[in-house]
Amino acid sequence: MGIKFIGVKEDANVYTVGKDFCLEHAGKAVLRVTALGLYKAEINGKKVGDAYLTPGWTCYHKMLQVQEYDVTDLLQKGENNISFTVAEGWYKGRLVYADKMNIYGDKTAVWVQLIVDGKTVVVADESFVAKESYIRYSSLYDGEMQDFTAPIKDLTVCEIPFDTSVFVPQICEPVRDIERLAVKEMLRTPKGELVCDFGQNIAGVAEVSTPEGFEGTITLQFAEILVDGNFYTDNLRTAKATDTFVVRGKKTLCPEFTYHGFRYVKITGCELSAKCVTAVVRHTDMKRTGTVNTSDAMVNRLLENVVWGQRDNFVDIPTDCPQRDERLGWTGDLNAFCGTASYNYDVRLILKKWLADLRNEQAEDGKISHIAPDVIGYHDTASLWCDAIVMVPWKLYEMYGDVSFLSDNYEAMQKYIAARESNCENGLMAKGFEYGDWLALDKEQCLCESGNYFGGTDVYFISNAFYAHCLDIVAESAAILGKTEDAEAARRRYERLLQSIRGEYFTPAGRLAIGTVTAQALALCFGLAEEKHRERLAKELNENVLRHGCRMTTGFIGTAYLLFALSDGGYHETAGKLLLNREYPGWLHEVEMGATTIWEKWNSLLPDGTPNPEGMNSYNHYAYGSVMEWVYRRVAGIQYASPGFRRVKIMPNAIRTLDSVHAEFESVNGKIVAGYEKHGNSIRYFAEIPEGIDAEVCLPGEQTVPVGHGKFVCEREISPE
Ligand code: BGC
């Protein structure tokens, strides 16, 4: 439409462009803005909207979001001022551990259109004036530097060419400041440093207020853990995560274009008191849809940790972690966590946007990027990771019943299947990069070989299992979309692959030849074992888990399936023991060690409280939070029986040592409640089904019975052990 992007000629990390203008009358006003970088818009000195990190992260050359704001109330008749502060953000700033800069371009810029009563009155052009900002520097990894004392120099506006045909309206909820946390404890560490403990690992920023008469520099540094009581940042790798403010006088300070993953804030330059420091939780503003409460405080804390892990990592895209020099849209992490995520929150829009990026990043030959938006350039058919293009749309279709998740991604799924096929030899997956059962503890070398993260399960067994699962999904998706021939072709290929898998990985007598927990769990969950051999396999899996003392040895892949395999194979009690185990390695062990989010590895913190010397220790990775989906579906028993929960199967299943579980889930068809409570020798199962949802109830060991809507309570005697 002829409106330009403008930036500045000079090399400025952050700058402000704007102008004064006159309105004959102030009518209904709409501001449309986007940027190559990040922007903050202001009208007459007031911030426009309440979003942060706009215009968000997309693969910018294919899709750039334009935000639209109603600014009627900010404008006045007569003189007005409009300005835009622009920072580098994901577009040009430092991203990825390899210190990549300028990934999308070497010039930041802003694009603006202000429309009053249907008439465009301001557009970004050479009539704008540019100057430095009090924000001298800002980086997502390294933090922000604000100086309120330095002189502000003028800069030179210039046009920055960029193809506006990639514009799209804002797709998902914006990133907002969601919650404010007070300091829980003000600490003086053994090293003598002043550190605030907020009691919770979050994604966000800290807001500080300087006292009257203050003059100087305040520096804030951010950390997830203390080691030996001291502030510890080695696990942030190269991310400096430091905010600096140069101030004269009383002022409230907060960074604009960055965020950190932290529980602790170290303050230097001013002895601030606790009431002068607040943590501000900053993430995508999704609607909460699910909660689970149990009788066990440790389990509740674990589930809270899962929810915090989601909040801290749904920052415009689903990231792996919020603290170190990474924070990337890793496909495998999301694929493992997507089920839990979509019970906890309405993730339709943020994942619709992310899937658009994943499709945009797909290689010509159908291979899928390991992260989206892609800034590392790897494309493969890696199980769980690259399979996100098939499995995530399917999961969202199941959870929300929205067929557009399938239709939008169908072509990409088909291309991906062809890419997987090209990595087959003699009908079986035999080539291509695999992460395996990432971070599993069941490979001997893990004990001595640093950086061996692939786990003990044969990676091509995993690959074949996931390929079969993807083919199954594609066959179903094609059938739902009315593509009968595709459906039949995918189904035929699925059947052939299944036979090949059975020939290759099962003994002639039907025993699974790979003895790891993960292999057994996948064989059960993906239907690889023949029906007649399933019972024996489930028994073997159960024995295997018991042999490991009901401790977690599985990685990203095995962990997402293990508890389902046990519950569905008749060993629900063992699954419960895995959940409730307090010994290392396990979920409640982390809670016992003081975790307030889910760790990347079972041993990110060693049992003695020191960080794993191998490195790569994030204390806020959500993949192992996949367990919460099992709690919703197999313990509380809120299980979809048709897409979008039009039909629901209520199948609460108590764990002996967990006295009560109460889950609520606001599905797209209404709110469903389910769970159980024990009273002495009896157990009361309960459910609430809204009008418009057909429910059937299936209590342990009983026939499934159809019920209508309303409240249900069934009381049963507890059978002796
Ligand atoms: C990330 C992940 C990711 C993995 C894959 C890590 O650096 O944090 O969670 O899935 O790499 O290699």
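The values are calculated or read from the model by the stated rules, or taken from the named source; none is laboratory data. The structure presented is a predicted model; accordingly, all values stated were derived computationally and were not measured. All Cβ positions, even for glycine, are placed from backbone atoms using ideal geometry, and neighbour counts span all protein chains on display. Heads up: the accessible areas ignore ligands, DNA and RNA and are worked out on the full protein's heavy atoms, side chains in. Shrake-Rupley method; radii C 1.70, N 1.55, O 1.52, S 1.80 Å.
For E179 and A479, the difference between the fully extended length at 0.36 nm per residue and the C-alpha to C-alpha distance is 103.6 nm. For Y134, the solvent-accessible surface computed with a 1.4 Å probe is close to 80 Å², ligands and nucleic acids excluded. Considering only alpha-carbon pairs that sit under 8 angstrom and 6 or more positions apart, the relative contact order computed for the chain is 10 percent.
Here's the list of lysines a cross-link from K62 could span, going by alpha-carbon distance under 17 Å and ignoring same-chain residues fewer than 8 apart: K92, K352, K353.
The percentage of C-alpha pairs in the range 69-173 whose separation is greater than 22 Å is 49%. Hey, which lysines would be in cross-link range of K431, C-alpha to C-alpha under 18 Å, not counting anything within fewer than 8 residues on its own chain? Result set, ordered by chain and number: K367, K415. Within the range 595-703, the percentage of alpha carbon pairs spaced more than 20 angstrom apart rounds to 53%.
Measuring between their Cα centroids, the range 343-401 and the range 195-216 lie 37 Å from each other. With the helix formula -39500 (n - 2.57) applied to DSSP H stretches of n ≥ 4, the chain reaches a computed 222 nm mean residue ellipticity of -8000 deg cm²/dmol. According to the Kirkwood relation over distinct C-alpha pairs, the hydrodynamic radius of the range 176-284 is 14.0 Å.
Volume per residue for the chain equals 174 cubic angstrom (convex hull of Cα atoms).
A simple packing score, the average count of other Cβ atoms within 10 Å per residue, orders the peptides 137-149, 538-550, 464-476 as 464-476, 137-149, 538-550, with the highest score first.
Among DSSP beta bridges lying fully in the chain, give the percent that are antiparallel, nearest 5. Antiparallel: roughly 95 percent of the beta bridges in the chain. Quotient of the Cα radius of gyration of the range 290-636 and 2.2 N^0.38 Å, N being its number of residues: 0.94. The amide H of G401, built 1.01 Å from its N in the peptide plane, has G644 as neighbours under 5 Å, considering only residues 5 or more places off or on other chains. Take each peptide in 365-374, 418-427, 220-229, count the other Cβ atoms within 10 Å of every residue, and average; sorted highest first, the result is 365-374, 220-229, 418-427.
Each Lys or Arg adds one and each Asp or Glu takes one away; over the other residues whose Cβ falls under 9 Å from the Cβ of E664, this sums to -1.
In summary, the lysines within cross-link reach of K119, defined as a Cα separation below 26 angstrom excluding same-chain residues under 8 places away, comprise K4, K19, K28, K40, K46, K47, K77. Between the range 567-617 and the range 274-327, what is the separation of their alpha carbon centroids in Å? Rounded to whole Å, the Cα centres lie 18 Å apart. The alpha-carbon positions of the range 475-518 define a convex hull whose volume is 77 Å³ per residue.
A probe of 1.4 angstrom, applied to the heavy atoms of all protein chains, finds T610 with accessible area near 40 square angstrom. Packing order of peptides 236-247, 156-167, 75-86, highest average first: 236-247, 75-86, 156-167 (average count of other Cβ atoms within 10 Å over each peptide's residues). Between C714 and E411, the distance separating the two model label sites (each 7 Å from Cα on the Cα→Cβ line) works out to 4.8 nm.
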